[in-house]
1. Out of all the residues in segment 97-132, which are of a type in the set (Ser, Thr, Tyr), farther than 22 Å from residue 44 by Cα and over 10 Å from the mean Cα position of the chain (by Cα)?
2. Would it be correct to say that residue 128 is small (Gly, Ala, Ser) and either touching a Pro at 6+ places or on another chain (Cβ under 9 Å) or open to solvent by less than 20 Å² (accessible area, probe 1.4 Å) (or both)?
3. Take the conditions surrounded by fewer than 19 Cβ atoms within 10 Å (Cβ to Cβ), at pLDDT 95 or above and under 19 Å from residue 121 (Cα atoms) and apply them to residue 89. Does it pass?
4. Can you find a residue in segment 135-143 that is within 15 Å of the chain's Cα centre (by Cα), open to solvent by 50 Å² or more (accessible area, probe 1.4 Å) and among the hydroxyl-bearing types (Ser, Thr, Tyr)?
5. Being without any contact (Cβ under 8 Å) to a residue 60 or more places away in the chain and on the phi > 0 side of the Ramachandran plot is the filter here; which residues of segment 92-139 pass it?
6. Of all residues in segment 46-82 being in a strand (DSSP E or B) and of a type in the set (A, V, I, L, M), which is most open to solvent (accessible area, probe 1.4 Å)?
7. Here is a check on your reading of the model: is residue 9 part of a loop (DSSP other than H, G, I, E, B) and either at pLDDT below 80 or in contact with a Pro (Cβ under 8 Å, 6 or more places away or on another chain) (or both)?
8. Can you pull out the residues in segment 18-49 that are among the charged types (D, E, K, R), modelled with pLDDT of 55 or more and either touching a Cys at 6+ places or on another chain (Cβ under 6 Å) or under 18 Å from residue 100 (Cβ atoms) (or both)?
Amino acid sequence: MSWLISAFTAAAKWVWDNRDDIGEKFSVATKGVTNIKKWQNFTDLDVEVWKFDHGREDNYKILPGQVVSADMWVPWADSASEYKNHHGVVAVSGVPSLFFWQSGAYVRFNTQDAFVRGGTPVPGVSGSGGNRQLTIAKDPGGQVGIVLAGWDKE
């Protein structure tokens, strides 16, 4: 019987030691919560990000060229009424410019503060679930945009 207790204890320890990886794999498999863990500002402009989740939360300033490691669970919104209190904001030079939320299988965005049913997925790794990093950059014409990538744990 002691071998059974030892086996159970070893299994429980392994689960505990690997809980973050197990949780992330479960989130990806079930298209669950998407967590942005790193923010990169590749512009020459000040950027601020925050989310509304029944109030302003997770407010981060990212200076030009800066990388910030900070968690933000992407808010879920499947309707305009849910969007009102559940979305993220990217402000560039103090002006709210991009708005994002999670709906169904994707993290989506809009350039106006409004829900769009079936809105455009954020370019890059926009599938729901798991850890991501979000990069803010300019295209050759100077337009600011965002892209999601897999999270580099470093």
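The values are calculated or read from the model by the stated rules, or taken from the named source; none is laboratory data. Not measured: the values here are computed from a predicted model. With ideal geometry, Cβ positions are generated from the backbone for all residues, glycine too; neighbour counts draw on all protein chains shown. Surface areas here come from the heavy atoms of the whole protein model, side chains and all, with no ligands, DNA or RNA. Shrake-Rupley method; radii C 1.70, N 1.55, O 1.52, S 1.80 Å.
1. Once the filter is applied, which keeps residues that are of a type in the set (Ser, Thr, Tyr), farther than 22 Å from residue 44 by Cα and over 10 Å from the mean Cα position of the chain (by Cα), segment 97-132 yields 103, 106, 120.
2. yes
3. yes
4. no
5. The answer is 93, 94, 118, 124.
6. So the residue we want is 67.
7. Taking the combined requirement at face value, the residue does not satisfy it.
8. 37, 38, 48
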